[in-house]
1. Mean residue ellipticity at 222 nm from the helices of the chain, using -39,500 (n - 2.57) per DSSP H segment of n ≥ 4 over the full residue count, to the nearest 500 deg cm²/dmol?
2. Stokes-Einstein diffusion coefficient for the chain at 10 °C in a medium of 1.306 mPa s, Rh from the Kirkwood formula over Cα pairs: what value in µm²/s?
3. I'd like the antiparallel share, as a percent to the nearest 5, of DSSP beta bridges with both residues in the chain.
4. Taking other Cβ within 10 Å of each residue's Cβ, how do 100, 6, 43 sort, fewest first?
5. Give me the base-10 log of I(q)/I(0) for the stretch 41-83 at each q in 0.16, 0.20, 0.25, 0.26 Å⁻¹, Debye formula, one uniform scatterer per Cα, rounded to two decimals.
């Protein structure tokens, strides 16, 4: 499944770059979890979670970003910002890019500001 995840991360990265975002970091790993993509849109740092679900039997891809997962992403983002102080004062946003469905009929959605750090 890692290969599929990598392929969807690459696809999401390319789509977001076409939309004007710039890649800063990919697959940033901390003990709290991993940030799939860290990008910049203007002066905003965008932390992007990429999710794929072939079947909706356990909910769609967006539903898989649970409150627990959001907390891990927020902690990983705080770690990334501490390690990259030049970006620490920038506005931040959490986006989720989802891919749902079988390979021959994948639906993609970009949820800008999908959740917020509290």
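1. After summing the helix terms and dividing by the residues of the chain, the value is -9500 deg cm²/dmol.
2. 110
3. So the antiparallel bridges amount to about 60 percent of the total.
4. With the fewest neighbours first, 100, 6, 43 line up as 43, 6, 100.
5. Once normalised to I(0) and log-transformed, intensities are -0.54, -0.74, -0.92, -0.95.
Since every read-out is calculated from the coordinates, none of them should be taken as a lab result. None of these values were measured; they are calculated from a predicted model. Virtual Cβ from ideal backbone geometry, glycine too; neighbours counted across all protein chains shown.
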